[in-house]
Each structure stands twice: as C-alpha cells, then as structure tokens.
Amino acid sequence: MTTLKLNYLAGYKCKMILLVLGLLSFVLATPDWQVNPAEFENTLNMVIRVELNGQSLTEDEDILAAFVDDECRGISFPFSFNDDFIFLMTVYANTNGETVTFQIYHLETDQIVNLEETILFIENDVHGQVDDPFVLHGSILIPGDMNADNSVDILDVVELVFVILGEIQASEHHLAVGDMNGDNSLDIIDVVVILDLILYGD
Ligand SMILES: [Ca+2]
Ligand SMILES: [Ca+2]
C-alpha cells in the first residue's frame with residue numbers, strides 16, 4: 001500500500017473518530033451529575049414529585065439531583081405512579097444541618113431548573129411518601145410562550161408583534177422566550193418561527 005493511501009486512510013479514520021466524538025458529545029449533553037455514596041456516612045430518603053410552571057412532569061427521562069453548595073449529593077430518575085411521575089431520592093452527607101437544594105434537568109426544553117424548596121439534612125430523615133410525595137416547584141422557559149401561559153398559540157404571536165412594533169415594552173421574559181433564532185433581537189423572523197411552531201410543531 002502506498003504512503004499516499006496510508007495517509008488518506010489515517011485522515012479518514014481521524015475524521016470518523018471526530019465524527020463519533022461529536023455525536024457522543026451531543027448524546028451526552030445532559031448534566032454531568034455524579035455522587036459517590038462511599039464518600040458519605042449518612043443518608044436520608046425522599047419521595048418527591050416535581051411541578052414545573054405549576055404542572056406535573058410529563059417526561060420520564062428528566063433527572064433530579066440534590067446538592068449541598070455545588071456538590072452533588074443525590075441523583076434520581078422518575079418512574080410512573082398513579083398517572084404521575086415520582087422520584088425516590090437518597091441524599092448523602094457526613095454532617096447534619098447542611099442545607100440541601102435541588103435541580104432538575106428538563107429533557108424536553110433542555111434546561112436545568114433550580115427548584116424552590118430546600119431541606120436541612122438530618123440523618124435517617126424521611127421526606128414524603130409514595131401516596132403523599134414531597135413536592136418541589138420550579139419554572140421553565142417555554143420557547144415562544146410570550147404571555148407565559150404555558151402554551152404557544154396565536155396570542156403569543158400577537159404579543160410578539162406588539163413588542164416588535166413598540167406597543168409593548170420588551171421584558172427579559174420576552175427576550176428569553178421570543179428570540180427563536182437566537183440572534184439577540186426580536187423581529188419578523190421570530191414571528192415566522194413561532195407561527196411555524198404553532199402550525200407544524202417542532
Ligand atoms: Ca402563551
Ligand atoms: Ca431573533
């Protein structure tokens with residue numbers, strides 16, 4: 001085999017490896033949350049239900065995590081129960097009295113959401129039961145939902161047009177959910193994208 005061919009094959013292999021790595025990084029775009037139970041002596045257990053924008057979860061692939069400061073202290077995946085999704089969460093610590101916070105990765109909108117409630121870690125505590133879960137609340141941004149009513153429809157298009165025309169002053173929320181093409185401005189292109197979303201879905 002000639003050197004030229006070998007160089008070509010090596011280059012081809014490199015491109016394939018880069019392609020595979022690229023695909024992997026796309027697939028693994030979920031949060032890098034990990035906890036090592038062996039590092040902790042104490043636990044508490046929770047049964048949790050999560051409400052985002054006042055509504056229960058509809059995805060069974062969201063991920064819930066517990067934190068003390070920025071350190072992950074527990075991870076849980078939802079399972080279906082009584083037409084809802086609940087999480088069984090074990091939280092790990094070495095010290096009582098630490099404040100535990102929670103975040104959820106919302107797959108559908110690819111957002112990590114800070115949840116409002118916190119607990120104090122007390123070893124062997126139990127929070128929530130299967131028929132009466134501990135409820136965590138948070139807010140997600142729904143692309144296109146200009147009027148923040150948890151759905152995207154013609155009213156959002158009207159509000160966006162009013163914002164573009166200067167009839168309504170653009171708020172941070174408007175910019176966060178209305179800039180559909182990510183160019184940091186609200187204009188007719190965003191109207192077209194939202195109309196497309198309403199008419200044809202994503
Ligand atoms: Ca709306
Ligand atoms: Ca835009």
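None of the figures in this text is laboratory data; all of them are computed from the coordinates on show. Given the structure is predicted, the values throughout are model-derived calculations rather than measurements. Neighbour counts are summed over all protein chains in view; Cβ atoms, including those assigned to glycine, are modelled from backbone coordinates with ideal geometry.
For S171 and N82, a Förster radius of 35 Å and the Cβ-Cβ distance give a FRET efficiency of 0.40, rounded to the nearest 0.05. Expressed per residue, the C-alpha convex hull volume of the chain stands at 205 Å³. Using a cutoff of 8 angstrom between alpha carbon atoms and counting only pairs six or more residues apart, the relative contact order for the chain works out to 17 percent.
Think of it as helices only: each DSSP H run of n ≥ 4 in the chain is worth -39500 (n - 2.57), and spread over all residues that comes to -9000 deg cm²/dmol at 222 nm.
Could you size up the charge dipole of the chain around its Cα centre, putting +1 on the beta carbon of Lys and Arg and -1 on that of Asp and Glu, and report it in debye to the nearest 20? That gives the chain a dipole magnitude of about 1300 debye.
Given R0 = 25 Å, the distance between the Cβ atoms of V126 and E61 translates into a calculated FRET efficiency of 0.45. Farthest toward the dipole's positive end in the chain, which of A170, A148, N114, given Cβ charges of +1 (Lys, Arg) and -1 (Asp, Glu) about the Cα centre? The listed residue farthest towards the positive side: N114. For N181 and L155, a Förster radius of 22 Å and the Cβ-Cβ distance give a FRET efficiency of 0.60, rounded to the nearest 0.05. Bridges between two residues of the chain, per DSSP, are antiparallel at a rate of about 80%. The ranking of L175, L44 from fewest to most other beta carbons within 10 Å of each one's beta carbon is L175, L44. Listing T43, T58 from fewest to most neighbouring C-beta atoms within 10 Å gives T58, T43.
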